[in-house]
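Quick notes on the structure that follows.
Values quoted throughout were computed directly from the atomic coordinates according to the rules given, and no laboratory measurement underlies them. Values in this document were obtained by computation on a predicted structure and should not be read as measured data. Counting neighbours? That spans all protein chains shown, and the Cβs are built from the backbone with ideal geometry, glycine included.
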Amino acid sequence: MLKRTLLALAIAATATVPAFAHLDPVEHGSFAAGFDHPLHGLDHLLAMVAVGLWAAAQRGRAIWLVPAAFVGTMALGFVAATIGMPLPLVEPAILASVIFIGIAIALALPIPTPAVAALVAFFALFHGHAHGSELGHAGALEFAAGFVLATALLHAVGIGIGLLFSRLGGKLLGRIAGLATALSGVWLAFIA
């Protein structure tokens with residue numbers, strides 16, 4: 001079972017070779033384009049799954065509160081971008097989210113759930129802004145609905161993986177996944 005899970009994770013990671021999820025603006029404006037958007041950028045994909053992993057590691061109400069904080073604030077970042085509100089350092093903040101959340105998971109930092117929710121919300125603002133920055137106004141609602149659903153599903157995948165890891169190997173497998181996430185973020189920042 002563990003081998004199949006790790007194989008599936010490896011396939012998912014290598015299937016998302018492009019480093020960033022910014023599609024041709026001509027393709028934007030549909031639910032399908034919005035749903036597809038976070039699935040084709042390794043930076044977004046890693047961050048979304050890592051949020052779920054971190055929520056699972058926190059347990060309790062964090063399992064719904066942390067992803068909800070991310071999705072809600074991401075929607076605000078999207079709106080800010082579509083109305084033309086600038087936000088500096090969007091791409092570096094997205095990469096920082098992958099590295100920071102990965103490190104937090106790997107170190108099993110004892111951070112209270114509301115603080116974890118606030119931290120992921122901070123990073124979500126940048127993710128949402130990135131989703132909306134190239135869209136303009138055409139099809140914004142459909143596009144937003146698509147990427148919100150995809151994000152929630154990626155969080156659910158992360159939660160599922162985190163809960164599975166805790167059943168199979170205690171906290172060790174989750175911590176290894178956090179380290180792999182952080183190292184992937186460093187790789188994206190300096191090599192990709």
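In terms of its alpha-carbon gyration tensor, region 28-190 comes out prolate; a/c meets the 1.5 threshold, and the first ratio a/b outweighs b/c. Basic side chains Lys and Arg get +1 at the Cβ, acidic Asp and Glu get -1 at the Cβ, and with that the dipole of region 28-190 about its Cα centre reaches some 720 debye.
Counting 0.36 nm for each residue step from Phe190 to Glu91 and taking away their Cα separation leaves a gain of 34.3 nm. In plain terms, the residue of Ile161, Ile94 with the fewest other Cβ atoms within 10 Å comes first and the most crowded comes last, giving Ile161, Ile94. The ranking of His40, His131 from fewest to most other beta carbons within 10 Å of each one's beta carbon is His40, His131. For Val116, the shell of other residues with beta-carbons less than 12 Å away shows a net charge of +2, using +1 for Lys and Arg and -1 for Asp and Glu.
Once the chain from Arg59 to Phe31 is taken as fully extended at 0.36 nm per residue, the excess over their C-alpha distance is 6.9 nm. Panel order for Leu87, Leu42, by other beta carbons found within 10 Å of each beta carbon, from fewest to most: Leu87, Leu42. Label positions at Leu168 and Ala108, each projected 7 Å from the Cα along the C-beta direction, are separated by 1.8 nm.
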